[in-house]
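A short write-up of the structure that comes next.
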Amino acid sequence: MSTDDFTYEEVGATREQGHCPPGFHPLHMRTRIGEGEEVFRRASEAVLTWEVHRALGVGIEASAERAAPGVDVTLSVAGIVRAPCRVVWTAEEGRRAGWAYGTLPGHPECGEEAFVVDRTGDGTVWLTITAFSRPAKWYTRAAGPAARGFQHAYARRCGAVLRRLCAGIPEP
């Protein structure tokens, strides 16, 4: 995958836990979703197919039904703010599933965000959202800390929505 179109240099850096390139603001949010293999499967599918984002009320236009490297995705909020991005990596492993997108020109932020579901050794299922970003548009620069507050609220909401989507699955 060519990295020419991205608005930042360290494409794929969210794979490296705790890494935040200089000049970017980090985000790390972890939410307990539930327990058990069925919860893990349901949560993984909801993340990989954009269902979590749609359930949040975020508009999604994607070039594929499922996250995969190279898939273009445009997120929209209230039909006003459009955020073009591209999937830079995915993971579908025994106890870990998710994806990350990198920002493209026109996105209000510059950077990368990952959405990963994992099942720990005790069976607990978690959603972890990791990102690094900095403002790319005048209005995100003007918003300053409020823009970062919005990102944190969005990450918390993703966890709450995923927990709700998995709530009907009985825990072991």
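The values are calculated or read from the model by the stated rules, or taken from the named source; none is laboratory data. On a predicted model such as this, the values are computed, not experimentally measured, just so you know. Here the Cβ is made from the backbone with ideal geometry for all residues, glycine too, and neighbour counts use every protein chain on show.
From the list C85, C20, which one is under 25 Å from Y139 (Cβ atoms), more than 14 Å from the chain's Cα centre (by Cα) and in contact (Cβ under 8 Å) with a residue 12 or more places away in the chain?
Numbers: C85 fails: more than 14 Å from the chain's Cα centre (by Cα).
Criteria check complete, one pass: C20.
Do we have any residue at all in region 16-27 that's surrounded by 19 or more Cβ atoms within 10 Å (Cβ to Cβ) and either among the acidic types (D, E) or farther than 14 Å from T130 by Cα (or both)? Taking every residue of region 16-27 in turn, none turns out to be surrounded by 19 or more Cβ atoms within 10 Å (Cβ to Cβ) and either among the acidic types (D, E) or farther than 14 Å from T130 by Cα (or both).
Out of region 38-67, which residues are modelled with pLDDT of 95 or more and loosely packed, with under 14 Cβ neighbours inside 10 Å? If the condition is that a residue be modelled with pLDDT of 95 or more and loosely packed, with under 14 Cβ neighbours inside 10 Å, then S63, A64, E65 are the ones that fit.
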